[in-house]
Structure formats: structure tokens, C-alpha cells
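To start, the structure itself, in C-alpha cells.
The values are calculated or read from the model by the stated rules, or taken from the named source; none is laboratory data. Because the structure is predicted, anything quoted here is derived from the model rather than measured. For neighbour counting, all protein chains shown are included, and Cβ atoms are generated from backbone atoms with ideal geometry for every residue, glycine included. Side chains are part of the model used for accessible areas, which takes the heavy atoms of the whole protein and leaves out ligands, DNA and RNA. Shrake-Rupley method; radii C 1.70, N 1.55, O 1.52, S 1.80 Å.
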Amino acid sequence: AVLVESLLVFAVVLSVHAAVWDRFSWCALALAVQAFYVQFKWDRLLQLGGAVFQFRGAANSGLLPASMVIPLLGVVMKERCRAAGIVYFERLGVVVASTGMLLALFLSVLAVGITKPVPTNTCVLTGIAGSVIIYTMKHSLTVSEVIEVLEVLLIFVYLSMILLYLLPRCFTPGEALLVLGGVSFVLNQLIKRSLNVIEGRGDPIDFFLLVAVVGVVLLGLFFTVLFIFMDSGTWISSMFFHMMTAVLGLGVIMPWLYRLIQRNPLFWLLQFLFQTQTRLYLLVYWTFLAALACGVVFYQNAKRSSESKKHQASTITRKYFHFIVVATYVPGLIYDRQLLYVAAVLCLAVFIFLEYIRYFRIKPFGQTLRHLLSLFLDERDSGPLILTHIYLLLGMSLPVWLFPRSCAPKGTLPGAGALVPYSGVLAVGVGDTIASVFGSTMGEIKWPGTKKTFEGTMTAIFAQIIAVALILIFDSSVNLNSSYAWILASVSLVSLLEAYTTQIDNLLLPLYLQIMLMA
């Protein structure tokens with residue numbers, strides 16, 4: 001299974017390399033080769049319990065698929081923005097690609113360093129790949145860009161040491177690289193933009209995303225340290241939690257956002273949300289869907305209490321939420337992508353805040369949330385945090401957030417790139433959902449080395465093709481320019497990756513589909 005997963009990742013890397021064909025795509029190829037070898041060292045460390053931190057069990061290290069996401073995103077973003085003539089975002093793509101490669105190399109060197117006896121061949125391969133990448137960075141990056149890459153690496157090291165110690169068994173090494181690498185880059189971007197504020201430069205919704213992500217992470221770190229010294233389950237601690245959340249929100253996060261967008265954040269948000277009648281209709285519709293999702297949670301819990309033998313929700317029951325999320329995102333993508341962007345940021349902040357309340361057992365809702373959400377746990381929620389619903393939201397939202405709007409002059413990219421914002425809907429909302437439902441109910445022929453079925457994968461590919469046809473009918477901004485073969489290949493590769501990966505597919509699949517469509 002690991003070999004097939006690696007083969008599929010190599011297919012994606014080679015596809016991007018063939019489409020881009022520059023020094024950075026060569027570096028990505030070298031990185032993929034060394035990550036393939038180092039991945040087996042990480043797997044061995046996890047099996048023998050020799051890793052520095054406690055990682056999520058029942059999964060391989062996932063180093064190769066995770067190592068390639070950020071570099072490939074940077075490479076395809078650089079190429080798209082170069083074609084559009086947007087120099088600022090072309091350079092940002094170079095920085096993203098370089099940062100992703102350096103973070104992956106750091107994890108590789110770490111694995112090689114703690115493996116005993118020292119694997120000579122893997123060391124040599126890692127050294128060669130690292131030399132190629134650093135030589136390319138030396139001749140491609142300015143001094144300020146090199147400093148920026150090193151800043152992200154430094155933030156990543158400190159965040160990894162803190163969060164992996166505080167949150168054992170929540171991530172595999174690959175998932176940690178992806179999640180903490182992304183947070184480190186966002187934090188560095190926010191610091192950089194805060195120190196170089198020029199009035200009117202930048203879109204307020206981009207600043208809103210940066211401040212929201214950094215704000216909730218810092219909030220979590222603050223309360224984690226605080227509750228080491230006091231019991232979080234008492235009423236006094238709970239009142240202190242709510243009070244400090246208000247103080248940090250109104251006293252730190254709001255002024256920070258005000259400095260960046262040069263206007264009152266609350267007034268700007270209210271004006272933005274209710275700017276047009278279409279937005280009002282979408283907000284009412286989304287409120288109804290949120291109430292429906294809550295209804296499903298309460299109904300399934302009531303059903304559990306009446307059926308004492310049933311302790312966990314079935315796969316099909318969990319996929320109800322995928323259908324609800326698809327129904328949420330598709331109208332937003334068609335009618336108002338900026339509103340969807342902001343609404344997804346708000347929803348992410350709410351989800352993480354509610355997880356803090358559940359994790360710290362904050363009264364009056366902490367224990368209730370623990371009871372309600374325990375029904376929907378699966379084998380991937382083996383740590384103290386429940387992250388699957390947050391990963392689902394991220395998987396649907398990241399293609400919308402990472403879409404290079406400035407490099408799309410008419411609001412959409414040409415060819416297959418027009419489907420980039422729909423990557424989450426196609427890969428997770430349609431593909432993963434249909435594969436699980438049909439695979440678990442009608443699947444008989446299993447892929448070698450996995451529990452996934454051939455029928456589920458084929459049905460997922462077919463369903464995504466139908467979804468693309470429906471998008472063409474209902475979204476007039478999408479024009480594929482006869483790039484159907486590339487779309488079919490992209491969808492097929494990502495669907496096969498879903499069958500073989502043991503990583504969090506809600507997070508990984510949309511990013512790989514986005515990379516393929518942007519390439």
C-alpha cells in the first residue's frame with residue numbers, strides 16, 4: 001500500500017514537472033526521491049517507538065505525500081502568476097516552494113539523525129537532494145526571501161516542539177509537517193505584513209484569514225499553558241476562560257486587524273456580510289444547513305441512547321456531513337466566492353474554539369460536547385483532540401483560500417484551472433463520500449493491501465466526472481477549453497490516492513487535486 005501511494009505521488013510530481021519544467025520542478029523531483037527513502041526510516045522509527053514524540057498510530061509516517069504538497073503548490077502558483085505577469089505573487093510562489101522544500105528536508109534530516117545505525121545510503125541521497133535544493137535557492141532567492149524562508153523554518157521548529165509534546169497521537173509526521181508548516185507560514189506572513197503596513201494594500205479578507213488562524217492558535221497555546229497550573233473543569237476556570245477570550249479577542253486580535261485593514265473590523269465584517277441581497281439569502285440558507293447538521297448530531301445521539309449496543313456512528317452516517325458541506329459550498333462558489341471565503345474563516349474559528357471548550361471541559365458546554373461528539377469518532381481521532389470535522393472544513397476551504405485571485409484577471413483561471421476552487425467539493429464532498437458509501441455497501445473487490453474497494457474508487461471517479469459536467473452547466477464562469485483528458489487523469493489519480501493513503505484524506509486529497517488542476 002505504501003509503495004502504491006508513493007507511485008501515485010510520483011505520478012503527480014512528474015505531471016507537474018512535465019507541465020512546468022523549470023529548476024524548481026527538478027528540485028521537487030529530487031525532494032520526492034529522497035523523501036521516498038526517508039519515509040521508510042520514519043516508518044521504522046514509529047514501529048520501534050524510537051520517534052521523539054508520540055505520533056498517531058494505525059498509519060504510516062506519510063512523509064512523501066505530505067512533503068510534496070507545499071513545494072508543488074508553490075511551483076504551480078509561481079507558474080500561473082508568471083503567465084499572468086503578476087511579479088509579487090510569482091515571487092511568493094518561489095518563497096512557498098522553497099519553504100516547503102526546506103521544511104521537508106528538515107524532517108528528513110531529523111529522521112536520518114535519530115535512526116540507529118546511521119543509514120549511509122539514505123544520508124548520501126538526502127545530502128545530494130539538499131545540495132541541489134540549496135544551490136537552486138541560492139541562485140533564485142533574494143536575501144530578504146532567504147531570511148523569510150529561515151524565519152518560517154524557525155517558527156516551525158518551535159511550534160513542532162510545543163504542539164507535538166502537548167498533543168500526543170494527534171498527527172503523523174506527514175500531517176504535522178502539513179498542518180504546522182502551514183500555520184508557521186501564515187504566522188510569518190502576518191508578522192511580515194504587520195511590520196510593513198501600507199494603507200490600502202492587500203485585500204481585507206486575506207488579512208482576516210491570517211489574523212483568525214494566528215489568533216485561535218495563540219489562544220489555544222495560552223490556555224494550554226494556563227491550565228497546566230489550574231483545573232480547567234471548575235466554574236471559576238470556565239469564567240476565567242470566557243473572560244480572557246473576550247480580553248484577547250477585543251484587546252489584541254481586533255486592534256491587530258484594525259491596524260492591517262485600517263477600519264473597524266466589526267463594522268467592516270457586518271457591512272461585508274450584508275452588502276447585497278444575494279449574501280443575505282446565502283446566509284439564511286447556510287444557517288438552515290447548520291441547524292440541520294446540529295439536528296443530525298442530536299438525532300444520532302438520541303438513537304444511541306435508545307440502542308445501547310450501538311456505540312459508534314457508521315461510515316454512511318458520518319458522510320451525511322459531507323453531503324451537507326457540499327450543499328453549503330456549491331452555492332457559495334457559484335454566486336459569491338468572497339462571502340464563502342469569509343464565512344469559512346469564521347466557521348473555522350468557531351470550530352476550533354468549540355474544540356477548546358470540549359478539550360478543556362469548559363462549563364457549561366464542555367462535557368456536553370464531549371458526549372455528543374464521541375459518537376462520531378473514528379480510528380484517526382486517537383489523540384486528545386477531535387480533528388476530523390476541522391479537517392473536513394479545511395479540505396473544502398483551502399482551495400478557496402489558496403486560489404490565486406490576483407493571478408486570475410477575470411476571476412477564474414483558464415482551462416482546468418477554472419475548477420481549482422471546486423477541488424474540495426470534487427475530491428472530498430463528492431469523491432471521498434461516494435467511494436465510502438458505495439464501497440462499504442456494495443464493494444467486493446478490495447485493492448491489494450487496503451480495505452478500500454475497486455467499486456468504490458470507480459464510482460467516485462464517475463461521480464466526480466458527473467459533478468464537473470454539472471458545474472459546467474450551472475457555473476457560467478467555468479470554461480475548460482477542451483482540457484478534459486487532464487481533468488480525468490487528475491480525478492483518477494486523486495481517487496486512487498484516496499484508496500491507498502492512510503493520512504487524513506480530507507486534508508490531503510483537495511490539495512493534490514488543486515495542484516493537478518493548477519498545473
> Within the stretch 413-440, which residues are out of contact with any Gly (no Cβ under 9 Å at 6 or more places or on another chain) and either open to solvent by 30 Å² or more (accessible area, probe 1.4 Å) or on the phi > 0 side of the Ramachandran plot (or both)?
Replying inline: Pro414, Gly415
>> I'm trying to understand the selection: among the residues of the stretch 266-282, which are in contact with a helix residue (DSSP H, G or I) (Cβ under 9 Å, 6 or more places away or on another chain), without any contact (Cβ under 8 Å) to a residue 24 or more places away in the chain and either of a type in the set (A, V, I, L, M, F, W, C) or assigned to a loop (DSSP other than H, G, I, E, B) (or both)?
In response: Leu266, Phe274, Gln275, Leu280
>> Where the second residue is β-branched (Val, Ile, Thr) and part of a helix (DSSP H, G or I) and the first is free of Cβ contacts under 8 Å to residues at least 12 places away in the same chain and lies in the stretch 109-137, which pairs have Cβ atoms under 8 Å and are six or more apart or on separate chains?
In response: Val118/Val112; Cys123/Val112
>> Every residue in the stretch 446-467 that is open to solvent by less than 10 Å² (accessible area, probe 1.4 Å) and either of a type outside the set (S, T, N, Q) or not assigned by the TED database to the domain that holds Ile434 (or both), please.
In response: Gly456, Ala460
>> I'm trying to understand the selection: among the residues of the stretch 369-389, which are in contact with a Leu (Cβ under 9 Å, 6 or more places away or on another chain), outside any helix (DSSP H, G or I) and open to solvent by 30 Å² or more (accessible area, probe 1.4 Å)?
In response: Arg380, Pro384
>> Quick test of your reading of the structure: Asn479 fulfils all but one of (1) more than 19 Å from Arg318 (Cβ to Cβ); (2) open to solvent by less than 50 Å² (accessible area, probe 1.4 Å); (3) modelled with pLDDT under 85. Name the failing condition by number.
In response: (2)
>> I'd like the full set of residues that are more than 21 Å from the chain's Cα centre (by Cα) and buried (at least 17 other Cβ atoms within 10 Å of the Cβ), limited to the stretch 126-150.
In response: Thr126, Ala129, Gly130, Val132, Ile133, Thr136, Met137, Ser140, Leu141, Glu145, Glu148
> Which condition does Leu392 not pass, out of (1) surrounded by fewer than 22 Cβ atoms within 10 Å (Cβ to Cβ); (2) within 14 Å of the chain's Cα centre (by Cα); (3) over 18 Å from Met516 (Cβ atoms), if it passes all the others?
Replying inline: (1)
> If you go through the stretch 233-254, how many residues are more than 19 Å from Phe360 (Cα to Cα) and open to solvent by less than 60 Å² (accessible area, probe 1.4 Å)?
Replying inline: 3
> Applying the selection to the stretch 91-106, what residues are touching a residue at least 40 places away in the same chain (Cβ under 8 Å), under 19 Å from Leu190 (Cα atoms) and open to solvent by 10 Å² or more (accessible area, probe 1.4 Å)?
Replying inline: Arg91, Val96
> So, in the stretch 352-368, of the ones that are crowded, with 18+ Cβ neighbours inside 10 Å and touching a Lys or Arg at 6+ places or on another chain (Cβ under 8 Å), which residue ends up nearest to Lys451 (Cα to Cα)?
Replying inline: Arg358
